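Report on the structure given below.
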Amino acid sequence: MKLAEALQERADLNRKIAELRGRIVNNALVQEGEKPAEEPDELIGEMNSALLRLNELIVGINLRNAATTVDGKTLAELIAERDTLTLKVQAYRATIDAASRIAQRATRSEIRIVSAVNVKELQKEADAASKKLRETDLKIQEINWLTEY
């Protein structure tokens with residue numbers, strides 16, 4: 001199995017566990033003398049099996065991410081870089097959006113609102129960070145499809 005397939009299975013298990021949790025909660029209480037639509041104990045057993053498999057996948061993925069290197073960096077380092085680049089781009093974009101809003105004044109005596117940041121320069125930095133983010137993400141995806149789990 002490729003690492004990308006393990007990651008997809010992990011995502012599927014996370015969705016399944018969330019669904020099972022909801023089904024367990026929905027069937028936890030019933031009116032006296034009635035039976036639940038689904039047996040909570042069976043659902044709990046199914047959830048526990050899914051949790052065990054999820055634990056195996058997480059451990060395996062983390063070990064593989066720490067052991068796989070590309071261009072002198074581990075896959076774990078590339079993932080951390082991607083995550084921080086994502087946060088950086090989001091912060092830059094939010095700042096650019098806020099600084100680009102033009103406040104309309106009805107009269108000259110109203111307080112004038114001006115940008116406190118150089119929007120043009122910040123846009124260049126945001127574009128550069130976005131490009132690096134795309135490149136890093138593509139590299140991670142490529143490694144995920146080439147690396148055995």
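Quick notes on this structure:
- Residue within the stretch 11-29 that is under 27 Å from SER130 (Cα atoms), open to solvent by 50 Å² or more (accessible area, probe 1.4 Å) and of a type in the set (Gly, Ala, Ser) present: no
- Here SER109 fulfils each of the conditions (1) hydroxyl-bearing (Ser, Thr, Tyr); (2) in a helix (DSSP H, G or I); (3) open to solvent by 100 Å² or more (accessible area, probe 1.4 Å) apart from (2).
- Residue in the stretch 69-83 that is in a helix (DSSP H, G or I), open to solvent by less than 60 Å² (accessible area, probe 1.4 Å) and either at pLDDT below 95 or acidic (Asp, Glu) (or both) present: yes
- Annotation for the stretch 31-42: at least one member residue is part of a helix (DSSP H, G or I), farther than 30 Å from GLU121 by Cα and open to solvent by 60 Å² or more (accessible area, probe 1.4 Å).
- Within this structure, GLU125 passes the test of being modelled with pLDDT of 95 or more and surrounded by 11 or more Cβ atoms within 10 Å (Cβ to Cβ).
- Filter pass, ILE140 being under 26 Å from GLY60 (Cα atoms) and in contact with a helix residue (DSSP H, G or I) (Cβ under 9 Å, 6 or more places away or on another chain): yes
- Note on the stretch 1-30: among residues that are assigned to a helix (DSSP H, G or I) and basic (Lys, Arg), the one that is farthest from ILE79 (Cα to Cα) is ARG23.
- When the stretch 54-68 is filtered for residues that are open to solvent by less than 80 Å² (accessible area, probe 1.4 Å) and of a type in the set (A, V, I, L, M), the ones remaining, listed by number, are LEU54, LEU57, ILE58, VAL59, ILE61, ALA66, ALA67.
- Cβ pairs under 7 Å, 6+ apart, first in the stretch 129-149 and under 10 Å from MET1 (Cα atoms), second open to solvent by less than 100 Å² (accessible area, probe 1.4 Å) and hydroxyl-bearing (Ser, Thr, Tyr): THR147/THR68
The values are calculated or read from the model by the stated rules, or taken from the named source; none is laboratory data. Not measured: the values here are computed from a predicted model. All Cβ positions, even for glycine, are placed from backbone atoms using ideal geometry, and neighbour counts span all protein chains on display. We work out accessible area using only protein heavy atoms, side chains counted, and drop any ligands, DNA or RNA first. Shrake-Rupley method; radii C 1.70, N 1.55, O 1.52, S 1.80 Å.
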